[in-house]
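Every number in this text was worked out from the coordinates using simple rules, so none of it is lab data. Note that the structure is predicted; figures quoted are calculated from it, not measured. Note that each Cβ is placed from the backbone with ideal geometry, even for glycine, and that neighbours are counted across all protein chains shown.
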């Protein structure tokens, strides 16, 4: 007969195994320019931070992902042809093989503005982000509902963005109707 301690251990083991089997992979994102056609199950980018990266395609595309539906709706599978030189947001997860591409969002060829800076303030009601750039300038940037934001908890829409004064960010923006609008925001220094 099993005592209470053994029963508790078995329950904990079952819950742990069940939780692991049903865990969802958190989707993150990087921005960059396509450097060639996706081939041999991988996609290569010149990343916005000046480095390059190669991402294998996710082996099980039907994997459970933490990926907001409104963001996901703007994407295509990573193996879908995207013109060489196009700027994209590449969505990926970490798995046993490293970073695995799960989707890509083509932004076209620009022109885009790459901005790195420290957040001075963020007015979430006006969707206005104020940054101090590395050269000491102050720049106001609109964070739209369609802006993609990568956070430690995964990607989210701009409407969900919660910026903190002092955060260091890297973003990709474009001019629209006389305003600079963020397309993609990512914490500076993240992989």
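Observations, loosely collected:
- Relative protection proxy for 145-152, 25-32, 126-133, from highest mean packing down: 25-32, 145-152, 126-133 (other beta-carbon atoms within 10 angstrom).
- Evaluated over the Cα positions of the range 113-187, the convex hull gives a direction-averaged projected area, one quarter of its surface, of 4.4 nm².
- Cα gyration tensor shape for the range 51-191, rounded if a/c is under 1.5, else prolate or oblate: prolate
- Annotation for residue 24 and residue 83: the two label points, set 7 Å from Cα along the Cα-Cβ direction, are 3.5 nm apart.
- Distance between the C-alpha centres of the range 55-95 and the range 125-191: 21 Å, rounded to the whole angstrom.
- Segment residue 174-residue 133, extension gain: residue separation times 0.36 nm, minus the distance between their alpha carbons: 13.1 nm
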